[in-house]
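Derivation of every value follows stated rules applied to the coordinates shown; laboratory data play no part. Every value quoted in this text rests on a predicted model; they were computed, and no experiment measured them. Cβ coordinates were reconstructed from backbone atoms using ideal geometry, including for glycine residues, and neighbour counts include every protein chain displayed.
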């Protein structure tokens, strides 16, 4: 029997409107003051990073799911982890092309490491 490693609050699955009480998008200052969030993000980026300190955002998300299964960017008002990462302002973000196609991957790096 497999154990559950991802939890989603059912409130986040409802249609978004004024009556659902969906979490309001938090501002950069508020996000930076949330030490639990900043520590979780920084440690996930560190754990998923390569020798150049860059980490694919997908690997960061997977690491976060293992470290804190209750984490969901929607709890902070962001539909995706990428939006939260951009809003918090603690990371460098780089888009890299995948092969010759139109697809791109996001990579992140802790700004403090520079």
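Relative to a virtual label point 7 Å from the Cα of residue 95 in the Cα→beta-carbon direction, which members of the stretch 44-69 show backbone nitrogen distances below 17 Å?
56-58
Using the count of nearby Cβ atoms within 10 Å as a rough guide to exposure, how do 74, 96, 25 rank from fewest to most?
96, 25, 74
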